[in-house]
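For reference, the structure discussed in these notes is given below.
Bear in mind these aren't lab numbers, they're just calculated from the coordinates by the rules spelled out. Quantities reported herein were computed from a predicted structural model and do not represent experimental measurements. With ideal geometry, Cβ positions are generated from the backbone for all residues, glycine too; neighbour counts draw on all protein chains shown.
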């Protein structure tokens, strides 16, 4: 469906412009979000995640392509280029997104990417050597959830 393809395009165009509020207008109030770094998030936490990521000042370069959608589901490939952490390591993450729609909005957003590839770029040697292990994955997830909690408390 053209409306759902346009919704996906609006989401990523808004992301590329740094407009979190416009991104969030694409989400259903009962959204479920998942990715390898943050795990499962509800609509409020997913919204705060995008706001936090955009507020961190890393000015990510966002591109997207291969957008498709029908009445109930859709997807896109998207890429994010940004600097990560105090060392400002260059990250070029390639993500495959899958969506489900309800009431003309995204109700399920599932991002897939190789955590190990991401961790090699973002974390350097520890990511290269251990990024594929639950040890590093759980450490990153704990860290990002702590950052998200701090961000929510400051809102």
Separation of alpha-carbon centers, the stretch 59-73 and the stretch 132-150, rounded to whole Å: 26 Å
Centroid-to-centroid separation of the stretch 1-24 and the stretch 84-112 [C-alpha atoms, Å]: 12 Å
The chain: translational diffusion in µm²/s, Stokes-Einstein, Kirkwood Rh over Cα pairs, 10 °C, 1.306 mPa s: 100 µm²/s
Mean Cα-pair separation over length for the chain, i.e. relative contact order, pairs under 8 Å, 6 or more apart, %: 22 percent
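Give the shape of the stretch 84-131 as rounded, prolate or oblate, defined through the alpha-carbon gyration tensor: a ≥ b ≥ c are the square roots of its eigenvalues, a/c under 1.5 means rounded, and otherwise the shape is prolate if a/b is larger than b/c and oblate if not.
Numbers: a/c = 4.19, a/b = 2.67, b/c = 1.57.
Judged from the Cα gyration tensor, the stretch 84-131 comes out prolate (a/c at least 1.5, a/b above b/c).
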Simple spin-label estimate for residue 110 and residue 70 in nanometres, 7 Å along Cα-Cβ: 1.6 nm
Extension gain from residue 25 to residue 79, taking 0.36 nm per residue of separation minus the Cα-Cα distance: 17.3 nm
Length released on extending from residue 55 to residue 2, taking residue separation times 0.36 nm less the Cα-Cα span: 16.0 nm
222 nm mean residue ellipticity, helices alone, for the chain (DSSP H n ≥ 4; -39,500 (n - 2.57); rounded to 500): -14000 deg cm²/dmol
